[in-house]
Structures are given as structure tokens and as C-alpha cells.
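Some notes on the structure that comes next.
The values are calculated or read from the model by the stated rules, or taken from the named source; none is laboratory data. Fair warning: this is a prediction, and the values are worked out from it, not measured in the lab. Note that we place each Cβ from the backbone using ideal geometry, even for glycine, and neighbour counts take in every protein chain shown.
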Amino acid sequence: MTLVNPRSAYSPDLAATTIERVDAVLARFLERKSASAAAQRLPAEATEALTGLLAAGGKRLRPVLCVTGWHAAAGRQRAPEPVLQVAAALEMFHAFCLIHDDVMDRSPTRRGRPTLHRALADRHAAARPRRSADQFGDAAAILIGDLALSWSDELIHTAGLPPRQLTAVLPLLDAMRAEIMYGQYLDVAATGQATGDVDQALTVIRYKTAKYTVERPLHIGAALAQGTTRLADTLSAYALPLGEAFQLRDDLLGVFGVPGQTGKSRLDDLREGKHTVLVALALRDAPAQHTDVLRSLLGRPDLTEAQAVRVRTILTRTGARTRVEDMIARRRAHVLRLLAAPAPIHPSAVPTLRRLADATTRRTS
């Protein structure tokens, strides 16, 4: 069993090497889990499903940032295997987040393929009534997501970290897990309740994406190399605006992206009524006739493509789309200026951090 190595948007350097090494760790781990399940006559579907999800691609952004954080503190030396295993644990934890997120959002596709709950429902549809198959798909996906959560913890505790490193890393992992759960809760609470409150939308981004996707992986990697408090603060100054820009780009792609490139429908966020900065800006600034149209269409589960075109037109004509692009550009410029200034980040990590800033904010998928 071999995991497909996703094409790196970042470089041929530290990032590409990290992706290859992390994929090898995940492949070996899942092979052992598959063999163990077979020996105990447990369902093979769980490991097959996780392997399939991880093999479908993904940017491996969190593992890359974790290892980059380690280099930011440790320098050019090759990251040891325990660091790679911690980075792999972050990708396994992300698989848990994606699986549960897709169930909560009722998303039909992920990375150009049916989401896990849909694939499981379809696989069992022949033997069950449709509603029963759908319920099975949801339940099985939640359980497989829970398994990924458990295995992410196992990857940490079997990495061979000495007590000093565990003591440094475990509080950061705990914080990361709590932050993403609170971020998801804020997102779920705001979905279907879109308003012109831009600050609220930015708060969701801060906890759901910026801290979880960028800041904590960098902190964890740096902590593994005994990074200083000053380094952690500098990494936060880089991570938080970049994480916000990453999610702002994601919100634009969710509405204006090309499904063949993004791997998901551009109707999902509109049908769910996601409270994004893009929507909040339009609701805050648009004339009444436009806000009335947005409120009547956003959150409709039966939203048609023609109605979505009306929403996209309003988001463009009100200037909301342009303002979000400006917010992304300002954040990208800020982090690039920070990387150009004297800082405690080891120079070997700076090229990857610079390329990540460009790749994550200019992406089309």
C-alpha cells in the first residue's frame, strides 16, 4: 500500500522532502493498522477509508509547517524521524477534522471525490434502503473520524519523543485541538445566520483556520527543537495573518472557484449560508435591494446555479470580492515584510515560509 504523494505547490526543497517523508510514515502506520485489523478479523473498511482519504491528495500544509517550525529553531540539519512522526500525526488529526466537517456540512465531494460519508452510504446502498444507507454512511464516517483522532494521538505517543519534548509539545497539541473545536462550533453557530458582522466572521477564521492550520503546527515544530519564546512570538506574527489570508482565499474559492480545480462544488457554502467575511462585507455595505436578495437566497438547500449567479453578481458589484482580495494581499505583504526583517527564525526556514505565503494565498484549489 502506497500513499499518493500530492504535488507540492511550495517548492522542490524542504516542503517536497517533508511531504515524501510524512507520506512514508503514514503509509507504514496504516499498513500496520490494516494488518492488525485483519489478524483480529475487524472491519477492513476503516483503514481502507482513511488510506483512500489521505491518498486522494491534500496540501500537507500542517506537516510542512511543523517541520518548517523545527528548522526555524534547529537550522539546516535533517529533521529526525520523531519530528516526522509528529508531523504525520497532525495530518492524521486533519483527516479526523475533514471527515467530521463533511458530515456536519453535508458536503458531497472532497478533493474531487465523494466525501467519506457519501462513499460509505453509496457502497452499502444495495443492501439497505436509501435512508438507512445514508444513516449508516454518517455513523460510519463519524466513527472512522474518531479512529483517526485516536490514531493521531497514538502517532504522537509512539514517536519516541523524550520526556522534555513531550512536555513541551503536549500543551500545544491540547491548545490546537481545543481551538479547532471552538472554531468549528463558532462556524456551525453562525451558519445560516449570516450578518454584516465582519469581526465575528474574522473570529471564526482566527480559531477555525489561522491558529489550527498555521500557528500551532509552527509552534509544535519549534517546540520540538527547544525554540525560544521570542521565536514562538515571531512565528505567531507570521502565522495568524497568513492563516487568515488562507481562509479568505478558501472562502472566495468556495463561491467563485472552478470545481475541477478545487475538487468541490461552489454551491455548498451558499446553500449552507456560511457566515464568511465575503458575505459579511456584502451584507454590511450593499444597498437594501441587494441585501434582501442575499438574505432570501443564502442558506437555501435547493439553491440553483442560476440563483447562485445572482449571489455572485451581488458579491462582485458591491465590491465585497475585491475587498477580500485586498485583505489577502495586505496580509501576504505583511508576512513577506516580516520575513525580510531581522528575526530569530533560522535562515534555512525562510525560503519555505516565503513560498508558503505565496502558494497559500494565490492558490486556485
message: Any residue that is within 16 Å of Pro63 (Cβ to Cβ), surrounded by 19 or more Cβ atoms within 10 Å (Cβ to Cβ), modelled with pLDDT of 95 or more and not hydroxyl-bearing (Ser, Thr, Tyr) - is there at least one of those in the range 199-209?
response: no
statement: Of the candidates Thr276, Thr361, the one satisfying the condition of being at pLDDT below 95 and of a type in the set (Ser, Thr, Tyr) is Thr361
Of all residues making up the range 313-329, the number that are free of Cβ contacts under 8 Å to residues at least 60 places away in the same chain and either assigned to a loop (DSSP other than H, G, I, E, B) or charged (D, E, K, R) (or both): 5
- line: Filter the range 340-356 for residues that are among the hydrophobic types (A, V, I, L, M, F, W, C), assigned to a loop (DSSP other than H, G, I, E, B) and buried (at least 16 other Cβ atoms within 10 Å of the Cβ); the one that is modelled with the lowest pLDDT is Ala343
- prompt: Here are some residues: Thr262, Thr228, Thr213. Which one is in contact with a helix residue (DSSP H, G or I) (Cβ under 6 Å, 6 or more places away or on another chain), in contact (Cβ under 8 Å) with a residue 40 or more places away in the chain and surrounded by fewer than 22 Cβ atoms within 10 Å (Cβ to Cβ)?
  reply: Thr262
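Residues are listed down the side, and each one gets a yes or a no for (1) crowded, with 21+ Cβ neighbours inside 10 Å; (2) outside any helix (DSSP H, G or I):
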| position | (1), (2) |
| --- | --- |
| Thr47 | yes, no |
| Gly52 | no, no |
| Arg62 | yes, no |
| Cys66 | yes, no |
| Gly69 | yes, no |
| Ala72 | yes, no |
| Ala79 | yes, yes |
| Phe93 | yes, no |
- request: Return yes when Arg41 is charged (D, E, K, R) and either in contact with a Cys (Cβ under 7 Å, 6 or more places away or on another chain) or touching a residue at least 40 places away in the same chain (Cβ under 8 Å) (or both) and no when it is not.
  value: no
Condition check for Gln289: of a type outside the set (Lys, Arg) and on the phi > 0 side of the Ramachandran plot: no
message: Checking Leu149 against (1) surrounded by fewer than 21 Cβ atoms within 10 Å (Cβ to Cβ); (2) under 26 Å from Val258 (Cα atoms); (3) in contact (Cβ under 8 Å) with a residue 12 or more places away in the chain, only one condition comes out false. Which one?
response: (2)
query: Does Ala175 qualify as being assigned to a helix (DSSP H, G or I), of a type in the set (A, V, I, L, M), surrounded by fewer than 23 Cβ atoms within 10 Å (Cβ to Cβ) and at pLDDT 95 or above?
result: yes
